[in-house]
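> Handing you a structure now.
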Amino acid sequence: MANRLLEISDLEVAYGDVGALWGVSLHVDPGTIVALVGANGAGKTTLLRTVSGLLRPKAGDIRVSGRSLVGKAPQEIARMGIAHVPEGRGLFRQMTVLENLELGAFQPRARPRTKQLLEKAYTLFPRLKERAQQKAGSLSGGEQQMLAIARATMSEPSLLILDEPSLGLSPLVVQQMFSLIQTLHGQGVTILLVEQNIHQALKVADYAFVLQTGSLAMQGTGAELIADPEIQKAYMGVLE
Amino acid sequence: MSRALQWIAVLVVAALALLPFVPGAVDAYYFSFLFFVFLYAIMAQSWNLVAGYGGQISLGSHAFFGLGAYTTAILWSGNYLWGSLYDAHPGMYYFDPVTMLFGGLVAAVAAVFIGLPLLSKLHGDYFALGTLGFGEIVKVLFVNGGDFTGGAFGIVAPASAFDTLRPHYWVALGLMVATALAIRALMRSRYGLALIAVRDDEMAASANGIDTLKVKVAAFAGSAFIAGVAGSLYTYYIFHVGPDSVFDLDWMLLPLMMTVVGGTGTLLGPILGALVMYAVFDLARIVVPDYHPVISGLTIILAMLFLPKGMMRLGVMQRRKSA
Amino acid sequence: MFNLPPPEILLQLSLNGALGGAMYGVAAVGLSLIFGTMRLIFLAQGAMIILAAYFVRALFYGLGIDPFLSLLIVVPVGLVVGWLIYQGLFRKAAAEEDRNVSLLIAVGLMFLVQNLMTVIWGGNTAGVVTSYTATGIELLGVRTSFTRSMGFLIALAGTGLVMLFLRKTIVGKAVRAASEDMDAATLMGISPHRVNAIAFAIGISLAGAAGVAVATTFPFNPFAGFIFSLKALVALALGGIGNVTGALAGGILLGLIEAYVQFFISGGWTNAIAYGVFLLVLMFKPEGLFSRPYKKA
């Protein structure tokens, strides 16, 4: 328990009077990839948005390295080392690729080292260096997703949260995306990954949680869940 | 509204209606004070209909108020309605329901005319800006209207003064009550439900088969009609209708402020807000005549800082905050 | 139809229009910044400009400080005042994301400032007359007033500085990011209150700069501000809401429209035509006349 990076306990979230999450508990250990999977509307995005402070929980607790972040504003949570790549990527489309990356290192912790971090990001994403002066909105879908992830790594986060990184990308680019996730993992980045691409997600994940209409349905290592007949029946079958 | 509240409302209205029979009341200061409270409450209801219930912030109410006032003054001074009847009855246009109806209708027609293009194209702040621009255009049109509108001076109605404020008081009270009842009935009808649906989620409303443009334009026109009738009523009070007096921005800003202070999207909020805010302004005017507009400004800021949901919502729990 | 006047007159008209319009432009730049981060139509901007003009006048007649030199005082004071206005009046409403409340606070502030000015300086028209007020200079072969040209330079310099700040500094980039997508900006660790306060500080200090230009060029009174706010809004719409250089260009365009309408039609119609253009642009080109690709919907 002591060295859990992220610990969510009995989290309840509602939109107005409509409940979205009912008593969800999960955790992420340092250095791991944790996948959060489930059908559309199961509450995955809601959970991520609550962790990064864009939504307020009704009850329950969220702790990062033992410190509670309930009630904190998104910018404070970001400064605690959580980088959230939201659904839809949240790029500043009218700003250049370079400016987007610079803003990734906006917080005081990272800002003095913007130059080094930029070099690091460019070695990992050489394509972005070529496009540095282009508007983010002019990039292709895959490039935009790379930029969103690269921007998030600019703050050297202790936890990287990815919401549906493969959404809307071609199969080839999806492959690149997952190998990139593994590269980041190899560099010691802890990742919480939400995916509808369940098979791929479970393959890269050390541990996984299955969310079903706002509650936790199952958990286990990625390998265990892939082998689980119920998971296969409920989710893999619907995969194209 | 609870039953008890309904009875209280009936009793208050009855007492107010009988007030002019109290000896000396008509000459008392508070009599004209109440007249203005009623007038502003009508204007506040007008703004509340389109902004509070309809969710479209309009900054052009003063244009509709002025249109109603001018229509009344023009019909009257040119005797466009009653012809020879007017010669026989010189008081024919005074609080004439037909004339007042025309005041409202002209405003409503103008609202449809401008509302169709604005509301089909513009949302939110852009609509607010558009109505503000419309208001200024209407004002300039009347300043440049030549003999028909009396130019920068305006029109003086063919009556020099009134000898009693009683009819003004009753008509204003009656219109205020009628407006409130009409909006109450409206908001309980299918149309009212559609209006709320459009305000809360336009896409969902449209997906459910509601013609959102029609609903919004109708609310805008209804609001303009109310403002036009209020403008007509004001003509019988000042007789001299000029661009600077009836197109004054205060006819938009004050009702807006009153509604928000009282409680947007509530039935009694506009009335309560008109009473409280007009009392504050008037008190300031009497007690600190040099500083009274300063105090008005200060009041709005303080009300917004400490009472942002309005007085009618004081008791309502903040349930919406959890998401 | 009217005959086209000789080219000197057209040039004269264009120059005067552009020089005057730049003042609407600089007011619009401030509105654009504040609207960008807060989605607030800051209707009190014009009143703040007139307040700055009175301040400049007081510095001149009270302490003998040259109006253009007083820029060195007015601009920093504007930064502080803007910061305080945000923290004191708008911070709470911005946190609750209730834009009606913010709009009304702006209206209240406008009332307050207008009437405070009336109480302090009286409601009559005031002005600043210096030794060079009547001085003319030759520009592009046309004579124009020295103070108007200075006002134009102030507007250009002010907008240029704001552009540099927004494009070259990381805090400026954060302000642009927040204008584009506040949620995504907070995920970068950007505090909404900080960017809002910065937008307000810059907006009000631009109002200060515009106040210097107004004080030296036009006679003014406490209630002239509202028309200025409206004109700035028109300039903003012409240039595209949220586009800083567009706002300045929109102001200049509005100045040209006004100058031409006044000459070719009549002074009484300038406002109606200016607002008519405003409505048409809002309806048919809401992204502004100078929009570039990748504008947010």
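> Between B:Ala178 and B:Tyr191, what is the spin-label point distance in nm, taking each point 7 Å from the Cα along the Cα→C-beta axis?
Going by the 7 Å Cα→Cβ label model, 1.6 nm.
> Does a label point 7 Å from the Cα of B:Arg285, set along Cα-to-beta-carbon, have any residues of the range B:249-263 with amide nitrogen under 16 Å, and which are they?
B:249-255, B:258
> Angle check, please: helix C:192-217 long axis (alpha carbons) against the longest principal axis of chain C (alpha carbons), in degrees 0 to 90, nearest 10.
So the inclination is approximately 10 degrees.
> Using a 10 Å cut-off around each Cβ of peptide B:120-128, what is the average number of partner chain Cβ atoms that fall inside?
Across the residues of B:120-128, the mean count of other-chain Cβ atoms within 10 Å is 3.
> Under the √(5λ) rule applied to the eigenvalues of the Cα gyration tensor, what semi-axes describe the equivalent ellipsoid of the range B:35-248? Give them in Å, descending.
After diagonalising the Cα gyration tensor, the semi-axes are 32, 19, 14 Å.
> Distance between the C-alpha centers of the range B:21-67 and the range A:130-151? Whole Å please.
The distance from the Cα centre of the range B:21-67 to that of the range A:130-151 comes to 55 Å.
> In the range C:14-170, if every C-alpha pair distance is counted and binned at 10 Å from zero, what percent goes to each bin?
Taking every Cα pair in the range C:14-170, the percentages come to 9, 33, 36, 18, 4, 0.
> Continuing with this model, one more query. Return the distance in nm (one decimal) between the two label points of a simple spin-label model at A:Ala39 and B:Phe33, each offset 7 Å from Cα along Cα→Cβ.
Placing both labels 7 Å beyond Cα along the Cβ direction yields 6.5 nm.
> 7 Å from Cα along Cα→Cβ at both A:Val70 and C:Val129: what's the point-to-point distance in nm?
7.1 nm
> Quick one: among A:Glu195, A:Glu230, A:Glu76, which has the greatest mean-square fluctuation in a GNM of chain A with alpha-carbon springs under 10 angstrom?
Of A:Glu195, A:Glu230, A:Glu76, the most mobile in the Gaussian network model is A:Glu230.
> Right, another one. Compare the peptides B:9-15, B:45-51, B:104-110, A:147-153 by average per-residue count of other Cβ atoms within 10 angstrom and give them in order, highest first. Don't skip to the answer; put the middle values down first.
Numbers: B:9-15: 11.7, B:45-51: 28.3, B:104-110: 22.6, A:147-153: 24.7.
Peptide ranking by packing, descending: B:45-51, A:147-153, B:104-110, B:9-15.
> Same structure again: Excluding B:Leu116 itself, what net charge comes from residues whose Cβ is under 12 Å from its Cβ, given Lys and Arg +1 and Asp and Glu -1?
Around B:Leu116, the surrounding residues sum to +3.
> Under the √(5λ) rule applied to the eigenvalues of the Cα gyration tensor, what semi-axes describe the equivalent ellipsoid of the protein assembly as shown? Give them in Å, descending. The partial results should precede the final answer.
Numbers: eigenvalues 564, 264, 112 Å².
Equivalent ellipsoid of the protein assembly as shown: 53, 36, 24 Å, largest first.
> Share of Cα-Cα pairs in chain A beyond 30 Å, in percent?
Summing the P(r) tail past 30 Å for chain A gives 23 percent.
> Same structure, new question: Could you tell me what % of all Cα pairs in the range B:134-242 have separations over 24 Å?
Beyond 24 Å sits 48 percent of the P(r) for the range B:134-242.
> Mind checking which of B:Ile226, B:Ile114, B:Ile137 has the largest fluctuation in a GNM of chain B, springs on alpha carbons under 10 Å?
Largest GNM mean-square fluctuation: B:Ile137.
> Sum -39500 (n - 2.57) across every DSSP H segment of at least 4 residues in chain C, then divide by the residue count to get the 222 nm mean residue ellipticity, nearest 500.
-24000 deg cm²/dmol
> Determine the sum of side-chain charges near C:Gly25: Lys and Arg each +1, Asp and Glu each -1, restricted to other residues whose C-beta is under 15 angstrom from that of C:Gly25.
Values: positive: C:Arg148, C:Lys231; negative: C:Glu258.
Value of the local net charge: +1.
> Could you tell me which of C:Thr216, C:Ser179, C:Gly203 has its Cα farthest along the dipole of the range C:87-229 towards the positive end, charges placed at Cβ (Lys, Arg +1; Asp, Glu -1), taken about the Cα centre?
C:Thr216
> As an exercise, find the ratio Rg/Rh for the range B:1-73 from alpha-carbon atoms, using the Kirkwood inverse-distance average for Rh.
1.08
> Return the average number of partner chain Cβ atoms within 10 angstrom of each residue Cβ along peptide B:141-148. All intermediate terms of the calculation are to be shown ahead of the outcome.
Working: counts 2, 0, 4, 5, 0, 0, 0, 0.
For peptide B:141-148, the averaged partner shielding equals 1.
> Using a Gaussian network model of chain A with C-alpha springs under 10 Å, which one of A:Asn100, A:Asn197, A:Asn40 is most mobile by mean-square fluctuation?
Ranking A:Asn100, A:Asn197, A:Asn40 by mean-square fluctuation puts A:Asn40 first.
> Same structure again: Compare the Cα positions of A:Ile191, B:Pro158, A:Val97 along the charge dipole of the protein assembly as shown (+1 at Cβ of Lys, Arg; -1 at Cβ of Asp, Glu; about the Cα centre) and return the one farthest towards the positive end.
Of the listed residues, the answer is A:Ile191.
> Another question, then. In whole Å, what are the Cα extents of chain C along the three principal axes, biggest one first?
Taking the Cα atoms of chain C, the three principal extents are 58, 47, 33 Å.
> If r is the Cβ-Cβ distance from C:Ser266 to C:Ala58 and R0 is 41 Å, what FRET efficiency results, to the nearest 0.05?
After rounding, the FRET efficiency stands at 0.65.
> Need the full-extension length gain, B:Ala14 to B:His123, defined as separation in residues times 0.36 nm minus the C-alpha distance. One decimal, nm.
Taking 0.36 nm per residue and subtracting the Cα distance, the gain is 35.1 nm.
> Next up: In the neighborhood of B:Thr212, defined by Cβ-to-Cβ distances under 15 Å, what is the net charge if each Lys or Arg adds +1 and each Asp or Glu adds -1?
My count for the surroundings of B:Thr212 gives +1.
> Something else: Take the Cβ-Cβ distance between C:Ile9 and C:Val77 as r, set R0 to 35 Å, and report the resulting FRET efficiency rounded to the nearest 0.05.
That gives a FRET efficiency of 0.30.
> What 222 nm value per residue comes from the helices of chain B, counting each DSSP H run with n ≥ 4 as -39,500 (n - 2.57) and dividing by all residues, nearest 500 deg cm²/dmol? Write out the running numbers ahead of the final one.
Values: 14 runs with 220 residues, N = 323.
Theoretical 222 nm ellipticity from helices: -22500 deg cm²/dmol.
No value in this document is a laboratory result; all are computed from the given coordinates. Computed from a prediction, not measured in an experiment: that's the story for all the values here. Glycine also receives a Cβ, built like all others from the backbone with ideal geometry; neighbour counts cover every protein chain displayed.
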